[in-house]
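Novice: Sharing a structure here in structure tokens format.
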Amino acid sequence: MSGEEKYNFKIQHKINYELFDKKHEAAAAYEIEIKKFENYNFRLELNRHNFKINDHNPEAKFEKIAHAYNDALFPVLFEVRNGKFLLANFDGISERIAQKDQELRYKHQGPGLEYIRNNFFEKTGKDGYAMAEYIYSFELIRILLFCVEKPENDNNYHFNWKIPLLDNDVFWEGQKSFDPQTIP
């Protein structure tokens, strides 16, 4: 691979989750490192570091288990071909998840583990398409998709999100148009 660029972002967002039929909300914060590798197409590698829930490392048993499963997803490697985002390391991620699953099942047992495990594997364990869809559901990935994928007319892109606009010139060149009237 010829060139490599690194970008670091600090991410903060809310997590809404349901545990034992009770709804909860927490604040998550973590750092993402993105490496861009230049070649014919290009690749993006995402690593997640320093994950915190409500400014603390995951402390509760169930938080630790859920974090361990999700942490096994990283690093995530995407290949960008013709402006499209493709998951490039499904096999590697699957191996990490299987290893982490063995470790967690050895250390823990019971309905809490099975609940988290079943939900995680329902979203990621079927095939590469299901795993990619799960990873694409992360807010940061949606922003990266926006920054990397080219709009149809390759000139203007219409923003319709309730998020602060990033300086997305990192990956995409074109004119940005923003109409605040379109935000619901």
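The values are calculated or read from the model by the stated rules, or taken from the named source; none is laboratory data. Fair warning: this is a prediction, and the values are worked out from it, not measured in the lab. We place every Cβ from the backbone using ideal geometry, glycine too, and count neighbours over all the protein chains shown.
Novice: Which condition from (1) in a strand (DSSP E or B); (2) closer than 21 Å to Glu139 by Cβ is the one that Glu4 breaks?
Specialist: (2)
Novice: Separate question: The conditions are (1) of a type in the set (D, E, K, R); (2) modelled with pLDDT of 80 or more; (3) not in a loop (DSSP other than H, G, I, E, B), and Glu59 fails exactly one of them. Which is it?
Specialist: Only one criterion in (1) of a type in the set (D, E, K, R); (2) modelled with pLDDT of 80 or more; (3) not in a loop (DSSP other than H, G, I, E, B) is unmet by Glu59, namely (3).
Novice: A further question follows. May I ask you to verify whether Lys100 is modelled with pLDDT of 90 or more, of a type in the set (D, E, K, R) and more than 26 Å from Arg43 (Cα to Cα)?
Specialist: no
Novice: Now for a different question. What pairs can you find where one residue is in segment 125-138 and assigned to a helix (DSSP H, G or I), the other is β-branched (Val, Ile, Thr) and surrounded by 15 or more Cβ atoms within 10 Å (Cβ to Cβ), and their Cβ atoms are less than 8 Å apart, with a gap of 6+ or different chains?
Specialist: Listed by first residue and then by second, the contacts come to Ala130/Thr124; Met131/Ile93; Met131/Thr124; Tyr134/Thr124; Ile135/Val76; Ile135/Ile141.
Novice: Considering only residues that are in contact with a Phe, Trp or Tyr (Cβ under 7 Å, 6 or more places away or on another chain) and buried (at least 17 other Cβ atoms within 10 Å of the Cβ), look in segment 72-87 and name the one that is farthest from Asn57 (Cα to Cα).
Specialist: Val80
Novice: Also, I was wondering about something else. Take the residues in segment 23-56 that are at pLDDT 85 or above and not in a strand (DSSP E or B); name whichever of them is nearest to Asn119 (Cα to Cα).
Specialist: Among those residues, the one meeting the criterion is Asn54.
Novice: Going by what's in this entry, would Asn70 be described as touching a strand residue (DSSP E or B) at 6+ places or on another chain (Cβ under 9 Å), at positive phi and either not hydroxyl-bearing (Ser, Thr, Tyr) or not in a strand (DSSP E or B) (or both)?
Specialist: No.
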